[in-house]
1. Enumerate by residue number the trypsin sites (Lys or Arg not before Pro) in the stretch 116-177 meeting two conditions: DSSP loop (anything except H, G, I, E, B), and at most 15 other Cβ atoms within 10 Å of the site's Cβ.
2. To the nearest 20 debye, what is the magnitude of the charge dipole of the stretch 144-258 about its Cα centre, counting +1 on the Cβ of each Lys and Arg and -1 on the Cβ of each Asp and Glu?
3. Any of Lys95/Lys191; Lys123/Lys238; Lys171/Lys244; Lys123/Lys210; Lys150/Lys191 with alpha carbons more than 30 Å apart? Name them for me.
4. So if we plug the beta-carbon distance of Leu155 and Asn23 into 1/(1 + (r/R0)^6) with R0 = 25 Å, what FRET efficiency do we get, rounded to 0.05?
5. Hey, what angle do you get for helix 257-268 against the long axis of the chain, alpha-carbon based, 0 to 90 degrees rounded to 10?
6. Once phi is turned into ³J(HN,Hα) by the Karplus curve 6.51 cos²θ - 1.76 cosθ + 1.60 with θ = phi - 60°, what whole-Hz value does each residue of the stretch 158-171 show in order, with x for glycine and proline?
7. Sequence-distant or interchain residues sharing an amide H contact under 5 Å with Asn23, placed H: which?
8. If you stretched the chain out fully between Gln141 and Glu246, how much longer would it get, using 0.36 nm times the residue separation minus the C-alpha to C-alpha distance?
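Nothing in this text is a laboratory measurement; each read-out follows from the coordinates by a stated rule. Here the structure is a predicted model, which means the values were calculated and not measured. Don't worry about glycine lacking a Cβ; one is built from the backbone with ideal geometry, like all the others, and counts go over all protein chains shown.
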Amino acid sequence: MVKGNDNFKHPQYLVTAEWLFDNLQDTNLRIYDCTAHLLPHPTKTYTVGSGRDDYNKAHIPGADFLDLQEELSDKNSELRFTFPRGEDFAAAVSKKGLGDNNTVILYSTTSPQWATRIWWMLKTFGFDNAKVLDGGLIHWQQKGYPVSAKSAQYLPTTFTPNLQPGLIANKDEVQKAIDDHSVCTINALSKAQHMATGGTIYGRPGRISKSENVPTSSLVNLDSNMFLSPNEIAQKFKEVGVDKAERILTYCGGGIAASATAMLLFMLGYENVGLYDNSMSEWANDESLPMETG
């Protein structure tokens, strides 16, 4: 069944392992492993490691692999994971068999943020029939469902991009929001990163001035890799004042973890949400942009 609760206004964007197992034979389904890895680097903060090796070892039967950095990000950007042009994104996913009329299931072998990032990209390009597998491959295997090491590929098709305004935010909007009390800006990184007491930094340590902190990791059950209940998630967001905001902006290191935040906010009914695409990778390296620590 689809994971639902009265507290999710849009519960249809999460599916359970049980639901997917029961629907594996649906020929209209397009299932994609979205895994990537952030690998520590002595001078670049991190480099991106493809999750294809994970996929080659074990994936949901029939699933293909989407490479977020190599296939779905702007190749001309100096920053990692930058949102691509519509025509480039459409060409990449069309080649992978993702078309306008498919039902798309996204998952990862690690944090759900890799799947939610591609979910948010699809939503931004006007595609509304993508769903994230709650718990990803970890929970799928915990349930005892089968995996495969056999590569799968869907036939190429046509994806039509229809860019939706407001879902991707830039640094100018984020800067204007600092003194706008109608906007709540949420940092999805860890508390240590938010406070500048530890963790990975992306330039200057700390946070965007006047931003709140709801770590993406705090929204996930570490045992099952599934999201917390809608009630628990809603409470965490209310504690930082999202229920009083007219607009919500989310950010992290490179627009990945913050996509889980954005998706869950949308599912709860906060529909005026924008993801700051380049996040701290851009902000922390621009000395003109204000930051706080402590």
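1. Lys143, Lys150
2. With Lys and Arg at +1 and Asp and Glu at -1, about 260 debye.
3. Lys95/Lys191; Lys150/Lys191, as the Cα separations exceed 30 Å there.
4. 0.80
5. The helix 257-268 is inclined about 80 degrees to the chain.
6. 10, 10, 10, x, 9, 4, 9, x, x, 7, 10, 9, 10, 5
7. Amide H to amide H, under 5 Å and 5 or more residues apart or across chains, Asn23 pairs with nothing.
8. Gain in length upon complete extension: 33.8 nm.
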